[in-house]
1. Build a GNM of the chain with springs between Cα atoms under 10 Å: which of 84, 25, 34 gets the top mean-square fluctuation?
2. Heavy atoms of the protein only, probe of 1.4 Å, neighbouring chains included. What is the accessible area of residue 36 in Å², nearest 10?
3. Leaving out ligands, DNA and RNA, what percent of the accessible area of the chain is carbon and sulfur, probe 1.4 Å?
Amino acid sequence: MVVLRAQGLAKGAVLNFARAPKDIRATANTIISRGKEIQDAVARQQQPMFTNTIAPLAKFENDYGADSSVITFLQNVSTSKSIRDASSDAEQQLSTFRI
């Protein structure tokens, strides 16, 4: 999947109303997979410090927060039922992961 970023604008995901349901699912899976990697790395720290615990978690949230918002927003505005359903499912998966 290619994420387009508008030039001259702040870094972040561009809202794409034509995103396919499979792309929504893939983005959600990527966010969850990367989040688990970060959490596992933080949990393995023998000498926890800000730089190896809080900083990686905050960077993850910063890097993937926009993508998460974009894919879950589509459930409220898309005219396609399959996109709304995929977006709703993605929100459920992301909510479960965050708990």
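The values are calculated or read from the model by the stated rules, or taken from the named source; none is laboratory data. Since the structure is predicted, the reported quantities are computational estimates derived from the model, not experimental observations. To get the accessible areas, we keep the full protein, side chains included, count just its heavy atoms, and leave off ligands, DNA and RNA. Shrake-Rupley method; radii C 1.70, N 1.55, O 1.52, S 1.80 Å.
1. Among 84, 25, 34, the largest mean-square fluctuation in the Gaussian network model of the chain belongs to 34.
2. 110
3. 53
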